[in-house]
Structure formats: structure tokens, C-alpha cells
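I have placed the structure first, in the form of C-alpha cells, so that the comments after it can refer back to it.
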Amino acid sequence: MARPRKNPLPSGIYVRQYASGEAYWINFVDRTGKRRREPAGSTLDEAKRLLAQRQREVASGSYDPIRKEGTLTLNDFARRFLAERTTRSVDRERQIFRDFIEPTIGARPLAEIRPRVVAQWIADLRRGRDERVPAAKTVCNIHGVLSVLLEGARFEDLITDNPARGLPPGVLPENRRTREKGAWTRDEVETLISSERIPEDRRVLYAIGAFTGARLGEAAGMRWRDLDTKAAPLWRWALRTQWGGEPLKTDRARDVPIHPELRRVLAEWKMTGWPRLMCRAPRPDDFVVPYGEAGACLTMNAAGAKSIQRNARHAGLDPEGRDFHSLRRAFITVARLDGAPTDLLERVTHNKRGEMLDVYTYFGWDALCGAVSKVRLAVRRGAKVTHLLRLRAAGGEEGGHTGGHTLAVTEEIAQEDKGSDWRWRESNPRPKALRADFYVCSSCVESRAGAPTSKLSVTLST
């Protein structure tokens, strides 16, 4: 016989005994006069808060007995919740739900999912099925999706707490990262950005990561409009968002200098590679490294660890323990070895930390450019090497570009047209630099289809 309580429970609250312990329930009368009962958590304070909330809902007419009766299952809630969710990882979350949550505990009512149920579910996951035991990281990822679902249910007042949080030590496996190598070496980086066995668009993506230390989402989200090519002494990348427009990881915008070698890569890519890939000239809103025929933003699955490791193997490298983020480590490592000041390098890759000394310290643009310029990395080029040729106009404008701008052309064209003077006449053949099917003004990075038509005289020089 249960011992009587010293302090009687408030009206509308009672306790039920289970094998796993006791749980509080509440009962109240709705506007129709029907008595309602609902689980209210494992503590008296939770039960008091829920009872007061239900009484307020009944008084205001907002109480919904269908949602509050405790019969809503995890599957019912998860399908609606994931259908309305708009985060970048929602497709992966839906797949995990279908494969691991829906067929196991999805049919349970939300009110019956308690910490012990979650712990037993995790234990079953760790044992695996069909002789396949999931890795520790996979189990943690699956648990993370369940926790997101239950947190959403808690926010909507469907449950009083999130039973997937605060689990005892040992319930979840320890998710250790085992990496024999933390960064690509200098020689490996140059191979990744140079090898013709790697697709050209991925070489450009890897060059962005290697010369700026950008995260994958930041590099994938770079658009042509983000490049300020009038900045001196180096181009400026206005890094404000990642992926397709999502906030940065730290919500701290930063300006990143474009290394001279990366400038050459981007100029050549826009002059020839991008138009060849997309069958049109790039526009300011286009991604620098587009994905698919529609030119969408790259995804984690398309350009993440498996992708770069596969390309590295094609180039003859051993990618064990490395991924795209290792390019960020490589940039920082190489820059420090080449003499770049650590405090300046931090502003390029992480922005200021927020400590008072950092807040009051100002490093000018020239100082940041000087730190990036110390990096000694280069693309191993074959026969085609992009040169930047100075274009000087004598009256009028060249296709919207004024005098003093530069054209990006190949080594062959640069040698043939070097030092030549040319004046516009109907019968005077243009230099090869002005006859390219696609050319790029590297000062404003705007590709045009066809050759310039305005009346002007130019001097081409390296």
C-alpha cells in the first residue's frame, strides 16, 4: 500500500505509478463540460505550469482538445513539422526520420515518449539490424533529428519537456573524430587546384578554399557580385552569407582579400570555363561555381568530404582523414609558415573574436592584403596561362568599359599582341585579345559575348 503524501496535491493534479517511476497528470473541464486528462511530466512544478496553461486556454477559448488530448503520435507531428521546415539539412532529416524513427517509435503518442523510452531506442540502434551496426556518428545524427522533433513538439506545448535531452552519460556513443592528418600539405593543395584529372569547376572551388580559408558553405555561396575588383591592392570578397543566402556560421561578416593567384584563376574561369560550363556568359547574381544546368548553389552532398576525397584519389593523392575543411586548415598553416601575422590572419578567416582588445584594434585593408599575399601557393599551369592585359581607350567606351581596364587572355595571345598599338577601323583587324568569343574585363569582372564594337584605340601590354 502506497504511503500517503505529507503534502496533498493541488486540485486537478494527481500521480500515476509506472515501472519506471511516477508521473504527474492533470485533469480539468473544458468549455463543453467534458473532463480532460493529460500527462504533465515528472515533477510537480511542471504539472502546475501545464494545468495553469490549460485553464487559461479554456478561459480564452483557444484550447484544442484534438492536439492536447495526448493521442497525437510522433509520426503525425513529425510529418507536419518536417513538411514546414525550411533549413538546408531538411532533406537529410526527412530521410533519417523515414529510415530510423518512423518504423521504430514513430507510432507512439508524444506523451508516452519519455527518457527511458529514448534510451532503450538508442540501445536498439547501437545493436544494429540485419548484421549492420551503425557508426557512432550515425547514431548521434539520428538522435539529433529525434531531439529536433521533440523540441518542436515542446515549443508547441504538445509535451512539457524534451525527453531526448539530458540523457545520462553512456547512453549515446562517444563521437570521436579520428584524423591522421589535419590539413592538406602545400604540395597536395597545388595538386588539387591544378590537376586536369579533377573537373575544372571543382578546381576553382578548391582554389577559393585554399587561397581564402573559406568554409565550404562560404565558397559555394560566392557570387560574382560579391567581388569588388576595384579594391586595391587586392580584390575584395564581401563575405556576408553562405550557401544560397543563409547567415554565416558566426553571423560576422568579413572582407576577404583575393590572392593574386586566385585572381588569375577567377579571371580565367570567367573568361572561358564558366561560359563553357553553362553555355552563356555569367551574370552578377550567378554563383562563381554553379551546380547543375540551372546554376544552383552547390550542396554539402555534391561538394563535401566524399566529393573532394574522390577527386583527390583521381589526382593520385591519399585523402584519408581530410575533407574540404582541411583546405581551410591548409591555408592557415601555409600562411603562418610563410610569415603571415596570426592576428591579421585571424581577421581574414574568423573576424575579430569580440574581446575588448580586438574590438579596439583596427587593421587596415592594406595590412590584410599583405598577410594574404605572403601565401606561396600557385596553380601548376600547362600551355594556357591567363595574363591580364591593360586596355587604354582613346575616346568612347569599349562595350561599357572605360579606359584603364584590363582583359584576361591566354599566354599565346598575350605574346602575340604584347606591345602592339591598334586603332579602330573597319578594315583594321582586331588583336586576338579583342577577337575572343568570350572576354572578360578583369577590373569589373563582367563577361560579354563577342568582341567590343566601340570606336577606340588601345595599347595592349603585360
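For residues that are closer than 28 Å to Arg126 by Cβ and hydrophobic (A, V, I, L, M, F, W, C), scanning just region 159-191, find the one that is modelled with the lowest pLDDT.
Ile159
What number of residues within region 279-326 are over 16 Å from the mean Cα position of the chain (by Cα) and not charged (D, E, K, R)?
Result for region 279-326: 16.
Please determine, by comparing only the residues of region 1-27 that are of a type in the set (D, E, K, R) and farther than 16 Å from Leu51 by Cβ, which one is modelled with the highest pLDDT.
Per the stated criteria, the residue is Glu22.
Please identify the pairs in which a residue from region 362-380 that is at negative phi has its Cβ atom under 9 Å from the Cβ atom of a residue that is among the aromatic types (Phe, Trp, Tyr) and assigned to a helix (DSSP H, G or I), counting only partners at least 6 apart or on another chain.
Close Cβ pairs satisfying both conditions: Val372/Phe211; Val375/Phe211; Val375/Phe331; Leu377/Phe211; Leu377/Phe331.
Residues to consider are Arg283, Arg276; find the one that is free of Cβ contacts under 8 Å to residues at least 12 places away in the same chain, basic (Lys, Arg) and on the phi < 0 side of the Ramachandran plot.
Among Arg283, Arg276, only Arg276 is free of Cβ contacts under 8 Å to residues at least 12 places away in the same chain, basic (Lys, Arg) and on the phi < 0 side of the Ramachandran plot.
When the residues of region 69-84 are filtered to those that are in contact with a Lys or Arg (Cβ under 7 Å, 6 or more places away or on another chain) and modelled with pLDDT of 90 or more, which remaining residue is nearest to Val29 (Cα to Cα)?
Going through the qualifying residues, I end up with Leu74.
Across region 224-240, what is the number of residues that are buried (at least 19 other Cβ atoms within 10 Å of the Cβ) and either modelled with pLDDT under 95 or not in a helix (DSSP H, G or I) (or both)?
So the count comes out to 7.
What number of residues within region 110-151 are among the β-branched types (Val, Ile, Thr) and without any contact (Cβ under 8 Å) to a residue 12 or more places away in the chain?
2
Hey, any hits in region 203-211 for a residue that's touching a residue at least 12 places away in the same chain (Cβ under 8 Å), in a loop (DSSP other than H, G, I, E, B) and either of a type outside the set (Phe, Trp, Tyr) or within 30 Å of Tyr24 (Cβ to Cβ) (or both)?
no
Of the conditions (1) closer than 15 Å to Pro163 by Cβ; (2) outside any helix (DSSP H, G or I), Pro134 clears all except one; give me its number.
Result: Pro134 passes all but (1).
Quick check: anything in region 320-330 touching a Cys at 6+ places or on another chain (Cβ under 8 Å) and in the same structural domain as Gly217 (by TED's automatic domain parsing)?
Scanning region 320-330, I find no residue that is touching a Cys at 6+ places or on another chain (Cβ under 8 Å) and in the same structural domain as Gly217 (by TED's automatic domain parsing), so the answer is no.
Against the definition (aliphatic (A, V, I, L, M) and either at pLDDT 90 or above or loosely packed, with under 13 Cβ neighbours inside 10 Å (or both)), how does Leu317 come out, yes or no?
yes
Could you please tell me which pairs satisfy a Cβ distance under 6 Å, a separation of 6+ or placement on different chains, a first residue in region 295-321 that is outside any loop (DSSP other than H, G, I, E, B), and a second residue that is hydroxyl-bearing (Ser, Thr, Tyr) and surrounded by 13 or more Cβ atoms within 10 Å (Cβ to Cβ)?
Ala302/Tyr291
Yes or no, residue by residue, for (1) under 19 Å from Asp157 (Cβ atoms); (2) among the polar types (S, T, N, Q):
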{"position": "Phe77", "(1), (2)": "yes, no"}
{"position": "Thr87", "(1), (2)": "no, yes"}
{"position": "Arg92", "(1), (2)": "no, no"}
{"position": "Gln95", "(1), (2)": "no, yes"}
{"position": "Asp99", "(1), (2)": "no, no"}
{"position": "Ala111", "(1), (2)": "yes, no"}
{"position": "Arg116", "(1), (2)": "no, no"}
{"position": "Gln120", "(1), (2)": "no, yes"}
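May I ask you to list the residues in region 212-223 that are outside any loop (DSSP other than H, G, I, E, B) and small (Gly, Ala, Ser)?
Gly217, Ala219, Ala220
Return the residues of region 31-41 that are surrounded by 15 or more Cβ atoms within 10 Å (Cβ to Cβ) and free of Cβ contacts under 8 Å to residues at least 60 places away in the same chain; say none if nothing qualifies.
Arg36
One residue is enough: does region 184-193 have a residue meeting the conditions of a type in the set (A, V, I, L, M), touching an Asp or Glu at 6+ places or on another chain (Cβ under 8 Å) and not in a loop (DSSP other than H, G, I, E, B)?
Checked region 184-193: no residue is of a type in the set (A, V, I, L, M), touching an Asp or Glu at 6+ places or on another chain (Cβ under 8 Å) and not in a loop (DSSP other than H, G, I, E, B).
The values are calculated or read from the model by the stated rules, or taken from the named source; none is laboratory data. Here the structure is a predicted model, which means the values were calculated and not measured. No Cβ is skipped: glycine too gets one built from the backbone with ideal geometry, and neighbour counts run over all protein chains shown.
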